[in-house]
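> One structure, as structure tokens, below. Some questions next.
The values are calculated or read from the model by the stated rules, or taken from the named source; none is laboratory data. Because the structure is a prediction, the values reported are computed rather than measured. All Cβ positions, glycine included, derive from the backbone under ideal geometry; neighbour counts span all protein chains shown.
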């Protein structure tokens, strides 16, 4: 039976397919179900369903299919914060799945820049890796890439994730005593707020005056 939704396409419910097939037999027709499968049942109970089918007079036959398990290292997901400040280091969480034992190299790139790289020895199974990167002030996405010798499915070796890098706000400090107010400027700088200090020769911008109406 064909998969009817995305979730069904991710697994194999042979018992469910047989149960659905039993409802499709027309009255008076020969009742026989032929199952073509690799036998890798991920949901349901096929043996129980086959016994029930036989009890209703349905002959169940199976044709085993040969499976091809190609060596594969797959990137499953990349998680990172939604936004960051320029120059700020941000964590990147990567999940990958391997069906072979192999060395591999994970890299995080932005445009032509390589932000981080890590080599690891993979065993079959699911792996989670955490890296810290310092993205540039660019709209280009971060790209995670896994490279492993023997991987025969390169189409699932790359994932993109977008990170919004917001520019830092700036402050202007107008002072008649710039030297004395240096401590205030340093405190703002330590809070990652860039400061422009202006002395007596600079004029502080003034708000436009409201026009006055003559009183009658």
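> Would you confirm whether any residue within the stretch 87-109 is without any contact (Cβ under 8 Å) to a residue 40 or more places away in the chain and buried (at least 18 other Cβ atoms within 10 Å of the Cβ)?
Looking for residues that are without any contact (Cβ under 8 Å) to a residue 40 or more places away in the chain and buried (at least 18 other Cβ atoms within 10 Å of the Cβ), one finds at least one in the stretch 87-109, hence yes.
> Still on this structure: In the stretch 30-51, what count of residues is obtained for those that are at pLDDT below 85, part of a loop (DSSP other than H, G, I, E, B), farther than 10 Å from residue 19 by Cβ and touching a helix residue (DSSP H, G or I) at 6+ places or on another chain (Cβ under 6 Å)?
Final tally of qualifying residues: 1.
> I would also like to ask the following. Filter the stretch 74-105 down to the residues that are part of a loop (DSSP other than H, G, I, E, B) and at negative phi and list them by number.
Kept after step one, since they are part of a loop (DSSP other than H, G, I, E, B), are these residues of the stretch 74-105: 80-82, 85-89, 99-101.
Matches in the stretch 74-105: 80, 81, 82, 85, 86, 88, 89, 99, 100, 101.
> Hey, does the stretch 122-135 have a residue that's at pLDDT below 90, within 40 Å of the chain's Cα centre (by Cα) and not assigned by TED's automatic domain parsing to the domain that holds residue 94?
No, there is no match, as no residue in the stretch 122-135 is at pLDDT below 90, within 40 Å of the chain's Cα centre (by Cα) and not assigned by TED's automatic domain parsing to the domain that holds residue 94.
> Something else now. What residue, of 54, 137, is without any contact (Cβ under 8 Å) to a residue 12 or more places away in the chain, touching a strand residue (DSSP E or B) at 6+ places or on another chain (Cβ under 8 Å) and either over 17 Å from residue 157 (Cβ atoms) or in a loop (DSSP other than H, G, I, E, B) (or both)?
Within the list 54, 137, the selection yields 54.
> Check the stretch 60-73 and report whether any residue there is at pLDDT 85 or above, in a strand (DSSP E or B) and under 29 Å from residue 144 (Cβ atoms).
yes
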